[in-house]
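Since the structure comes first, as structure tokens, the remarks are kept for the end.
The values are calculated or read from the model by the stated rules, or taken from the named source; none is laboratory data. What you see is a predicted model; the values in this text were computed from it and never measured. Quick reminder, even Gly has a Cβ in these numbers, built from the backbone with ideal geometry, and neighbours come from all protein chains shown. All accessible areas refer to the heavy atoms of the entire protein, side chains included, with ligands and DNA or RNA removed. Shrake-Rupley method; radii C 1.70, N 1.55, O 1.52, S 1.80 Å.
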Amino acid sequence: MLAFPSTYSVGITSLGFQVVWATLARRSDLDVRRLFTDRGDPPHRHCDLFGLSLSWELDGPVLLDLLEQQRIPLWSQQRGEDDPIVFGGGPVLTFDAVLLGDGEQLLPDFVEAVIAQRHAPRAERLRALARVPGVYVPALYAPRYSSDGQLLGVEPTEDGIPATVAKQTWRGNTLSHSTVITPEAAWPSIHMVEVVRSCPELCRFCLASYLTLPFRTPSLEDGLIPAVEKGLTATKRLGLLGASVTQHPQFDDLLAWLDGDPFDGTRVSVSSVRAATVTPQLARILAKRGSKSLTIAIESGSQRMRDVVNKKLSQEDIFAAARYAKEGGLTGLKLYGMVGLPTECDEDLEATADLLLSLKKATPGLRLTLGVSTFVPKAHTPFQWEGVRPEAEKRLKLLAKRLKPRGIELRPESFGWSVIQALLSRSDRRLAPVIAAVRGRHGSLGGWKAAYRGARAGEAEAAPGASQPPPPAWEAVIHASWQPDAVLPWEHLEGPLAKATLRRHRGDAFSQT
């Protein structure tokens, strides 16, 4: 069973979920059924594997609901010989096995190990999985705390278990594309093609760049063109995906191909592009192929802040992108920014507002939209040691006050939910009882805070197994900046770059101030 913690419409739009499902479904030795919150395929009489796809932090409690719906014990320690191996990614105590990295090779290796040990006792199956590169079995690792509750390390509980687990990287000549095209998707009838994986820019906060390194680009002739042609036999809507699609070395050639007569009537859209790579040709072809707008990430209107986060983007680049968008026939420009970045001050926020207002004046008739989120630290990035800044909430309101009356659409993300994201992204295993306790109240900020207070006070149901200290103070998890030599909750899980390299990149960022 492969589950997704949302509706069919949302889940089937996830390219990652589609690819995992298709990879498993192609195997003759597996019978794969899908499960969503509103529907599912007929269940198996007996299930050996239960996979869960976690699209973002706040979906964690929904995964528990799906487990309960299938009568699978919520805690890994309580599952017996007849229960399935639960695998996926997310809050690790929910899972028997967590797969770290690209699935193209990792997923088949995992399935082969499961099949090879299918008739072994559960404990032996888990030990075998822990020896597969990229597979993390939380039950075989234990956290160690100081007397005052500081995390000292996460270490194997048995000999023969690797001390650390490294993310696996796919280096093949092709990337992913849609395997399901349906009008019921959140993006109806779209064929999605992954143009690049990762991003070479390395903005210091960016999980999509740092965690998915190295930057990879499939061949145009052997990868991208066949993937596009396959999907366009079924639909006339094409989505080109990636953190920085226009930085594919053959992107101009791909555009020129899509400009040809065979694609008349095809609607083409691209995900966020680097502002400095926007060209008149890009805007013209996108407008010709049915796109109305272009999306660029600026992070801040302040050049100082863009230098801090390593954005490598000038004011002139941003104005040129807006000008090219309008001249090419697009009617809108969407910009993404952040508030609460490390070292940010009120003057930087004023610079963002000034930039948007200047853009509006320079490109009359171009509809401007600013999507803005609060900085949330992410593991394996140079800003993983920084906390959420409380002043970000005020700064979101400052932007609204300056921009909305001037006709610029502002789409802010909730500061409160950004705080909960930080709670989930920075906590260790002591958060597991909180996630279990908040079920049924996870749609409420107050529900999360009450569950956390309960865990701190010892009122929440404890996780099975060895006792552990209560969670740290709310302030220490959410807002505090951690020392660069602190033991991190994900210390035993290796990302693409060493901790020392991330520390150096952090130092480079702060040297810009």
*For Lys360, list the lysines whose Cα falls under 26 Å from its own Cα; do not include residues on the same chain fewer than 8 positions away.*
Lys288, Lys292, Lys311, Lys312, Lys326, Lys334, Lys394, Lys397, Lys401, Lys404
*When Lys and Arg each count +1 and Asp and Glu each count -1, what net charge do the other residues less than 13 Å away from Val111, Cβ to Cβ, add up to?*
-2
*Would you please put 208-216, 156-164, 225-233 in order of how densely packed they are, using the mean number of other Cβ atoms within 10 angstrom per residue and starting with the highest?*
208-216, 225-233, 156-164
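What does the C-alpha gyration tensor say about the overall shape of the stretch 47-166? Classify as rounded when a/c is under 1.5, otherwise prolate if a/b is larger than b/c, or oblate.
On the way: a/c = 1.41, a/b = 1.13, b/c = 1.25.
Note, shape of the stretch 47-166 comes out rounded.
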_Let's see if you can work this out: charge +1 on each Lys and Arg Cβ, -1 on each Asp and Glu Cβ, no other charges. What is the dipole magnitude of the stretch 130-207 about its Cα centre, in debye to the nearest 20?_
240 debye
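Around Ser189, under 14 Å between beta carbons, what's the net of Lys plus Arg minus Asp minus Glu among the other residues?
Values: positive: Lys236, Arg237, Arg267; negative: Glu184.
Its environment carries a net charge of +2.
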*Quick one: angle between helix 346-362 and the longest Cα principal axis of the chain, in degrees between 0 and 90, rounded to 10, please.*
40 degrees
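If you restrict to DSSP beta bridges whose two residues both lie in the stretch 6-136, what percentage is antiparallel, to the nearest 5?
Working: 3 of 9 bridges.
Taking every DSSP beta bridge within the stretch 6-136, about 35 percent pair in antiparallel fashion.
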*Relative contact order, percent, the chain [alpha-carbon distance under 8 Å, six or more residues apart]*: 13 percent
_Projecting each Cα onto the charge dipole of the chain (Lys/Arg +1, Asp/Glu -1 at the beta carbon, about the Cα centre), which of Thr164, His119, Ala379 comes out farthest on the positive side?_
Ala379
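In debye, nearest 20, what is the charge dipole magnitude of the stretch 257-340 about its Cα centre with +1 on Lys and Arg Cβ and -1 on Asp and Glu Cβ, if you could check?
Working: 13 positive and 8 negative charges, 39 e Å.
That gives a dipole near 180 debye.
With the cut-off at 1.5 for a/c, could you classify the stretch 184-237 from its C-alpha gyration tensor as rounded, prolate or oblate?
Cα axes put the stretch 184-237 in the oblate bin.
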*Kindly express, to the nearest 10 degrees and within the range 0 to 90, the angle between helix 392-403's C-alpha long axis and the longest C-alpha principal axis of the chain.*
20 degrees
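Just how large is the dipole of the stretch 94-135 about the Cα centre, in debye to the nearest 20, putting +1 at every Lys and Arg Cβ and -1 at every Asp and Glu Cβ?
Values: 5 positive and 6 negative charges, 60 e Å.
Roughly 280 debye for the stretch 94-135.
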*Neighbourhood charge, 10 Å Cβ-Cβ cut-off, centred on Leu403 and excluding it, Lys, Arg +1 and Asp, Glu -1*: +4
*Residue among Pro143, Val10, Phe215 farthest towards the positive dipole end of the chain, charges placed on Cβ*: Val10
_Taking all protein chains in place and a 1.4 Å probe, what share, in percent, of the accessible surface of the chain do carbon and sulfur account for?_
51 percent
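Would you mind working out the accessible area per residue for the stretch 1-160, using a 1.4 Å probe, and quoting it in Å²? Please report the intermediate quantities before stating the final value.
Numbers: 7190 Å² over 160 residues.
I get 45 Å² per residue for the stretch 1-160.
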*the chain - Debye-derived log10 I(q)/I(0), Cα point model, q = 0.11 Å⁻¹*: -1.05
*Under the rule that a partner needs its Cβ under 4.7 Å from the first Cβ, which Cys of the chain have none?*
Cys47, Cys199, Cys345
*Degrees separating the helix 445-456 axis from the principal Cα axis of the chain, which is the longest one*: 30 degrees
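Once you order the gyration tensor axes a ≥ b ≥ c over the Cα atoms, which shape class does the stretch 266-330 get: rounded for a/c under 1.5, otherwise prolate or oblate by comparing a/b with b/c?
Values: a/c = 3.21, a/b = 2.18, b/c = 1.48.
Prolate, because a/c is 1.5 or more and a/b exceeds b/c.
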